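K.L.:
Have a look at the structure that comes next, please.
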Amino acid sequence: MSVLKSLVKDTAIYGISSMFGRFLNWLLVAVYARVLLPAEMGQMTQLYALTAVLMVFLTYGMETAFFRYVNKSEQPQRVYGTTLMMLGASSLVFALGGIASLDWLTSLFDFDTGGTSRTTAELLVGAIILITALDAFCAIPLGYLRYAQRPFRFMAVRMGFVLFTVVATLLVFYVLPQWVSLDMRIYALPIILGINLVGCLLQLVMLLPTFRFAEWHFDAGMARAMLGYGWPILLMGIVGIFSGQADKLIFPLLYDDPLVGKEQLGIYSACYKIAVVMMLFTQAFRYAYDPFVFAKAKEGGESAKRAYAEAMRYYVLFTLFIFLGVMSILDLLKHFVTPEYYAGLPVVPLVMLGMLMNGVYFNLSVWYKVTDRTKWGAYLSILGATVSLLWIVLATPYMGFMACAWAAIGSNALIMLASYFVGQRYYPVSYPLGAIAGYTALALSLWGIQELFADYVSSNEWLCLGFNLALLLIFVAVVIVKEGLYRMLPNMLGALRRKGGVRD
């Protein structure tokens, strides 16, 4: 456990900002579901999916390359400055080129369908281009805060962005209409993107103080080395993000009527967001895991491998708990969207299981990162994306948006298993497979019991909720006993007594 102390601490801190921030954004889904029609929700989802894809192009593997080289270089300030200049130049070129190509981009994805005027659609695409450019550039200053082990500063920046977005959205849609006789829902989508753009500018301003730690000297040799390290990660990222966002980009294009496609995407994406809790923990873990991996790689030997194995064990435990917890209270969570979106609820467990397996794959990726075999990440990502794309294209006519959820399951399972078996050849790690398999079987069995109880025993939501939470406690109890966590209680109580927190 001690080897994971730093990882757990940083994950918790990053998790507070990531989880709380995304939780607030998640609550905004209730606002969006009431001010946007399903087709508009689908259009917004498509726009943000495009952002996610473009972000991979614009960071071109430099975030991981930055961690690799800033840890191995004797001039970390030069690494930071060189990376900043690279990302700054590429982001500026992208922004200018994207604005010049608004007409083509708008036509490519039919953004001007469903009642959206051509001018408004181009404004939406322009906002997305600027948001993406700013986010890509800010990735490196945020990465520097992680490298410098300043998670509280990182949290302040991220929370500042989120709080501004939430407060501004609530003011515009709930407070402003009380003062002016204007139906803000008419302009809902442009307003939402406009608020996001201003929030990105605010985030950049908050990150400006980190620039003083950069050495503003462009090291061409270092840049070439970082690009050489990062290009397989870029390819891996392109394919990986396309695999993750193909459902949102490709799925609506498979319908003859673009409006129907966007409506179905809106239903799917609204329920997809219910599963975001799994994504929150996974993202928080990733923020802490890259610095942890390369720091442990310096130590080398079996101690690093044991640390990676322990990290995998506790990652799976926490994500299984999140999965079972969300499924236990799904009847409550569904009320964050309106009934017209309920048809998409069956995707929730499948989406979470896909995210869980993708997180396991991310844990396993340590083998090609520390051995500099990043090209394997590209190969595996291509494999996953191909499976996902084929599944969506072939199965959508028969399964609708459920094809997207099953595509995530199939593709992530395949690359997870492939990464494990290839990784054991180049960098063998003794992962606790027996314990992982046992806990997974337990969680899935308890979920199955929940579903059977709801289908055949009771239709009372509150009775089902109580029964589900009892099963969740069984899972927690088994983990506490099997992992010996109860042995930590005396030490925790003793620490509290020493600090005066508990009095006899």
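K.L.:
Once you place label points 7 Å from the Cα toward the Cβ at Arg212 and Ala477, how far apart are they in nm?
P.N.:
5.6
K.L.:
Under the 0.36 nm per residue contour assumption, what length would be gained going from the current alpha-carbon distance of Val393 and Lys72 to full extension?
P.N.:
Values: separation 321, 0.36 × 321 = 115.56 nm, distance 4.39 nm.
Stretched fully, the Val393-Lys72 segment lengthens by 111.2 nm.
K.L.:
Normalised by the number of residues in segment 326-426, what is the relative contact order in percent for Cα pairs under 8 Å and 6+ residues apart? Write down the numbers at each step before the final one.
P.N.:
Values: 79 pairs, mean separation 37.5, N = 101.
Result for segment 326-426 is 37 percent.
K.L.:
Students often check this: by mean Cβ neighbours within 10 Å, which of 435-448, 142-155 ranks highest, and how do the rest follow? Before the final figure, lay out each step's value.
P.N.:
Numbers: 435-448: 16.1, 142-155: 19.2.
Highest mean packing first, the order is 142-155, 435-448.
K.L.:
Would you mind pulling out the separation of the Cα centroids of segment 223-270 and segment 140-167, in Å?
P.N.:
Between the Cα centre of segment 223-270 and that of segment 140-167, the gap is 26 Å.
K.L.:
Which three extents, in whole angstrom, do the alpha-carbon atoms of segment 357-398 cover along their principal axes, largest first?
P.N.:
Each principal axis gives a Cα extent; for segment 357-398 these are 43, 18, 5 Å.
K.L.:
Over all alpha-carbon pairs of segment 208-257, lay out the pair-distance distribution in 10 Å bins, whole %, shortest bin first.
P.N.:
All Cα pairs considered, the percentages come to 20, 23, 26, 19, 10, 2.
K.L.:
How do the peptides 321-328, 35-42 rank, highest first, by the average count of neighbouring beta carbon atoms within 10 Å per residue?
P.N.:
Numbers: 321-328: 20.6, 35-42: 22.5.
Highest mean packing first, the order is 35-42, 321-328.
K.L.:
Would you mind putting 397-407, 92-102 in packing order, based on average other-beta-carbon counts within 10 Å, highest first? Walk me through the intermediate numbers first.
P.N.:
Working: 397-407: 18.6, 92-102: 14.2.
Going by the mean number of other Cβ atoms within 10 Å, highest first, we get 397-407, 92-102.
K.L.:
Another question, then. Obtain the nm distance between the two label points defined at Tyr342 and Trp231 by a simple spin-label model: each point lies 7 Å from its Cα along the Cα-to-C-beta direction.
P.N.:
5.4
K.L.:
Let me ask something else. Stretched out fully, how many nm does the piece from Asn460 to Trp179 gain, at 0.36 nm a residue minus the Cα gap?
P.N.:
On the way: separation 281, 0.36 × 281 = 101.16 nm, distance 4.24 nm.
Extra length from Asn460 to Trp179 when fully extended: 96.9 nm.
K.L.:
I would also like to ask the following. If a/c stays under 1.5 just call it rounded; otherwise compare a/b with b/c (prolate if a/b is bigger, oblate if not). Do that for segment 362-454, with a ≥ b ≥ c from the square roots of the Cα gyration tensor eigenvalues. Intermediate results must be reported in sequence, preceding the final value.
P.N.:
Working: a/c = 4.00, a/b = 1.24, b/c = 3.23.
Oblate, since a/c reaches 1.5 and b/c is not below a/b.
K.L.:
Going down the table (Lys262/Lys334; Lys273/Lys375; Lys375/Lys482), which pairs top 27 Å between alpha carbons? Intermediate values should be presented prior to the final figure.
P.N.:
Working: Lys262/Lys334 21 Å; Lys273/Lys375 32 Å; Lys375/Lys482 38 Å.
Result: Lys273/Lys375; Lys375/Lys482 exceed 27 Å.
K.L.:
What net charge is computed for the residues neighbouring Pro141, neighbours being all others with C-beta under 14 Å from the C-beta of Pro141, Lys and Arg scored +1, Asp and Glu -1? Could you put the intermediate results ahead of the total?
P.N.:
Working: positive: Arg146, Arg150, Arg153, Arg158, Arg212; negative: Glu63, Asp135.
Net charge in that neighbourhood comes out at +3.
K.L.:
Summing Lys, Arg as +1 and Asp, Glu as -1, what charge do residues with Cβ under 11 Å from the Cβ of Leu84 carry, Leu84 excluded? Provide the component values of the computation, followed by the final result.
P.N.:
Values: positive: Arg78; negative: Glu215.
Counting the neighbours of Leu84, the net charge comes to 0.
K.L.:
Under 1.5 on a/c is rounded, so check that first for segment 26-140, then, if it is not, pick prolate when a/b is larger than b/c and oblate when it is not; a ≥ b ≥ c are the square roots of the alpha carbon gyration tensor eigenvalues.
P.N.:
Numbers: a/c = 3.61, a/b = 1.98, b/c = 1.82.
Cα axes put segment 26-140 in the prolate bin.
K.L.:
Restricting things to Cα coordinates, could you compute the convex hull volume per residue of segment 297-426 in Å³? Let's see the in-between values first.
P.N.:
Working: hull volume 14.7 nm³, N = 130.
So the per-residue hull volume is 113 Å³.
K.L.:
Describe numerically, in nm with one decimal, the distance between label points set 7 Å from Cα along Cα→Cβ at Leu253 and at Arg373.
P.N.:
In this crude label model, Leu253 to Arg373 measures out at 3.4 nm.
K.L.:
With a sphere of radius 10 Å drawn around the Cβ of Ala454, what net charge do the other residues whose Cβ falls strictly inside it have (Lys, Arg +1; Asp, Glu -1)? If you can, show how the numbers build up before the last one.
P.N.:
On the way: positive: none; negative: Asp331, Glu451, Asp455, Glu461.
Charge balance near Ala454 sits at -4.
K.L.:
Nearest 0.05, what FRET efficiency do Arg306 and Ala148 give at R0 = 35 Å with Cβ-Cβ as r?
P.N.:
Efficiency, from the Cβ-Cβ distance: 0.85.
All of the numbers you see were taken from the coordinates with simple rules; none came from a lab. Note that the structure is predicted; figures quoted are calculated from it, not measured. Note that each Cβ is placed from the backbone with ideal geometry, even for glycine, and that neighbours are counted across all protein chains shown.
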